[in-house]
Amino acid sequence: MALDIPEVKVLTPKKFGDHRGFFSETYNKKALAAQGIEIDFVQDNHSLSAEVGTIRGLHFQTPPFAQDKLVRIAQGSVLDVAVDIRRGSPTYGKFVSAVISAEAWNQILVPVGFAHGLCTLEPDTVVIYKVSNYYAPDHDFGLLWSDPDIGIDWPISEAEAKLSDKDRKQPGLREFNSPFEYRA
């Protein structure tokens with residue numbers, strides 16, 4: 001399912017359950033290719049956020065280490081956000097969001113050229129995500145999660161947000177000179 005910015009997609013893998021539990025292919029390269037998604041994922045990341053209101057983001061890596069992300073929730077739920085940071089895009093500086101949860105068994109695909117962030121909606125939320133490029137600290141950047149120019153409607157107030165020092169100090173969109181370019 002595409003969101004209002006169609007490059008960002010919510011996917012729901014099939015889940016088969018019985019009295020023993022369930023089975024699901026959470027990633028299948030061939031199934032994604034059949035949907036027109038051909039990305040070579042090279043690394044899996046796994047995080048635990050203990051408290052409700054934990055904000056992670058808005059993160060991205062710059063070229064040549066830019067990353068597509070395929071995000072899923074193994075436990076709990078998040079409001080997941082993608083901000084278009086592609087120069088020349090008709091949706092530059094706009095965001096889309098979706099609730100991604102273990103219960104719904106959905107995932108979100110955040111392509112290169114988008115800043116990515118999330119806010120936990122439940123305690124002890126576990127996030128697992130694939131990326132299409134390796135972590136490169138010199139290319140690791142972000143935008144301020146609460147930038148009024150972006151205007152994300154987070155489910156918590158600024159006072160309630162649990163943030164890293166890094167995320168607290170990110171620049172706003174106006175101070176950002178994007179290395180990403182929109183290609184129609």
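If you filter region 107-148 down to residues that are closer than 16 Å to SER164 by Cβ and of a type in the set (S, T, N, Q), you find that the one that is surrounded by the fewest Cβ atoms within 10 Å (Cβ to Cβ) is SER146. Among the residues making up region 49-59, those that are in a strand (DSSP E or B) and in contact with a helix residue (DSSP H, G or I) (Cβ under 9 Å, 6 or more places away or on another chain) are ILE55, ARG56, GLY57, LEU58, HIS59. Go through region 67-123 and give me each residue that's assigned to a loop (DSSP other than H, G, I, E, B) and under 11 Å from the mean Cα position of the chain (by Cα). Once the filter is applied, which keeps residues that are assigned to a loop (DSSP other than H, G, I, E, B) and under 11 Å from the mean Cα position of the chain (by Cα), region 67-123 yields GLN67, ASP68, PRO111, VAL112.
Do the conditions hold for GLY57, that is, is it buried (at least 20 other Cβ atoms within 10 Å of the Cβ), touching a residue at least 24 places away in the same chain (Cβ under 8 Å), closer than 23 Å to ALA159 by Cβ and over 15 Å from the mean Cα position of the chain (by Cα)? Here the answer is no, as GLY57 does not meet what is asked. Quick check: anything in region 124-141 more than 20 Å from VAL10 (Cα to Cα), of a type outside the set (S, T, N, Q) and in contact with a helix residue (DSSP H, G or I) (Cβ under 8 Å, 6 or more places away or on another chain)? Among the residues of region 124-141, not one is more than 20 Å from VAL10 (Cα to Cα), of a type outside the set (S, T, N, Q) and in contact with a helix residue (DSSP H, G or I) (Cβ under 8 Å, 6 or more places away or on another chain), which makes the answer no.
Rule-based calculations on the coordinates, nothing more; no lab input. Owing to the predicted nature of the structure, the values given are computational and were not obtained by experimental measurement. Counting neighbours? That spans all protein chains shown, and the Cβs are built from the backbone with ideal geometry, glycine included.
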